[in-house]
Amino acid sequence: MSAPRNPIVLIPSRLAATRLPNKPLADIHGEPMIVYVWRRAVEADIGAVVVACGDQVIANAIEAAGGRAVMTRADHATGSDRIHEAIERLDPDRRHDAIINVQGDMPTLARDAIRAAFAPLADAAVDIATLATEIKDETERHDPNVVKAVIALKPGARIGRALYFTRLTAPGGPGPHFHHIGLYGYRRAALDRFVKLPQAPLEQRERLEQLRALEDGMRIDVALVDTVPLGVDTPAHLGRARELLNPHKKS
């Protein structure tokens, strides 16, 4: 297995959200949030970018901005399931050998972070790639809403092998802790394998989908980035995103 030669970026998106209804279409300075995410993915210049939509109005918004969208079933349980359906529809001949899964609720995501999520796949032994950043805020170490990546990381390295993911503070002893960021790069074969697996016991306990892959023996490597992108889940988050993306904001 060699490094991927023809990756594609897929952005799963659906309207259903309990805390922020119609989230992908939330207005940020005159444009839907999903359009901001699509633009960041295009700027990363990794490969083709397609939004995998559970609702036609999202596809309409992306196409109006000049992008490409593909419709999927509305009832997928996870973004991984949605992008798997999307890639099967888009590429039945399997020309694309890797998929970068970018969350549709991160409008401030840096293009370099998207590139970083692809980098670990240069190692032929890696099935899945993801991101993390070192925790600097002490409160995050003990916050169960902050997922910690336990990484085998050599001194000075920026990419290491994931040993575990947890909502607890881990590992023990002195040293850094890492905040996991939910962007993923999949080899095509790894995504095929992953979506066919049943939910794993540790996945159910921690409520972390990536543990299904680790329990099945798949290798996940983690690339370090400098900051956590803002995920928009609430009206307060949306207000913060509008502030950060204000084109008239003074630097």
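The values are calculated or read from the model by the stated rules, or taken from the named source; none is laboratory data. Because the structure is predicted, anything quoted here is derived from the model rather than measured. Every residue, glycine as well, gets a Cβ built from its backbone with ideal geometry; the counts of neighbours run over all protein chains shown.
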Contact list please: Cβ distance under 7 Å, first residue in segment 16-38 and of a type in the set (D, E, K, R), second residue in a loop (DSSP other than H, G, I, E, B) and surrounded by 11 or more Cβ atoms within 10 Å (Cβ to Cβ), pairs at least six apart or on different chains. R19/D233; R19/T234; K23/A17; K23/D105; K23/V232
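Could you count how many residues in segment 230-249 are in contact (Cβ under 8 Å) with a residue 12 or more places away in the chain, out of contact with any strand residue (DSSP E or B) (no Cβ under 7 Å at 6 or more places or on another chain) and of a type outside the set (D, E, K, R)? Walk me through how you get there before you give the answer.
Kept after step one, since they are in contact (Cβ under 8 Å) with a residue 12 or more places away in the chain, are these residues of segment 230-249: 230-235, 237-238, 241-242, 244-247.
Remaining after also requiring out of contact with any strand residue (DSSP E or B) (no Cβ under 7 Å at 6 or more places or on another chain): 230-235, 237-238, 244, 246-247.
Filter again for of a type outside the set (D, E, K, R), leaving 230-232, 234-235, 237-238, 244, 246-247.
The qualifying residues number 10.
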Name the single residue that is surrounded by the fewest Cβ atoms within 10 Å (Cβ to Cβ) among those in segment 107-160 being touching a helix residue (DSSP H, G or I) at 6+ places or on another chain (Cβ under 7 Å), in a strand (DSSP E or B) and aliphatic (A, V, I, L, M). I159
So which of D233, D226 ends up being touching a Lys or Arg at 6+ places or on another chain (Cβ under 7 Å), under 22 Å from M106 (Cα atoms) and acidic (D, E)? D233
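Conditions (1) of a type in the set (A, V, I, L, M, F, W, C); (2) more than 16 Å from L211 (Cβ to Cβ); (3) over 19 Å from the mean Cα position of the chain (by Cα), marked per residue:
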position	(1), (2), (3)
A125	yes, yes, yes
R141	no, yes, yes
I151	yes, no, no
G156	no, yes, yes
R161	no, no, no
The conditions are (1) modelled with pLDDT of 95 or more; (2) in contact with a helix residue (DSSP H, G or I) (Cβ under 9 Å, 6 or more places away or on another chain); (3) under 24 Å from D221 (Cα atoms), and R95 fails exactly one of them. Which is it? (2)
Residues to consider are A98, A129; find the one that is touching a residue at least 24 places away in the same chain (Cβ under 8 Å), in the same structural domain as I34 (by TED's automatic domain parsing) and within 17 Å of I8 (Cα to Cα). A98
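Only helices (runs of 4 or more DSSP H) wholly contained in segment 166-219 count here; list those with 3 or more residues that are touching a residue at least 40 places away in the same chain (Cβ under 8 Å) and hydrophobic (A, V, I, L, M, F, W, C). Talk me through it step by step, then tell me what you get.
Details: elements: 188-196, 201-206, 210-215.
Where helices (runs of 4 or more DSSP H) fall fully within segment 166-219 and carry at least 3 residues being touching a residue at least 40 places away in the same chain (Cβ under 8 Å) and hydrophobic (A, V, I, L, M, F, W, C), they are 188-196, 210-215.
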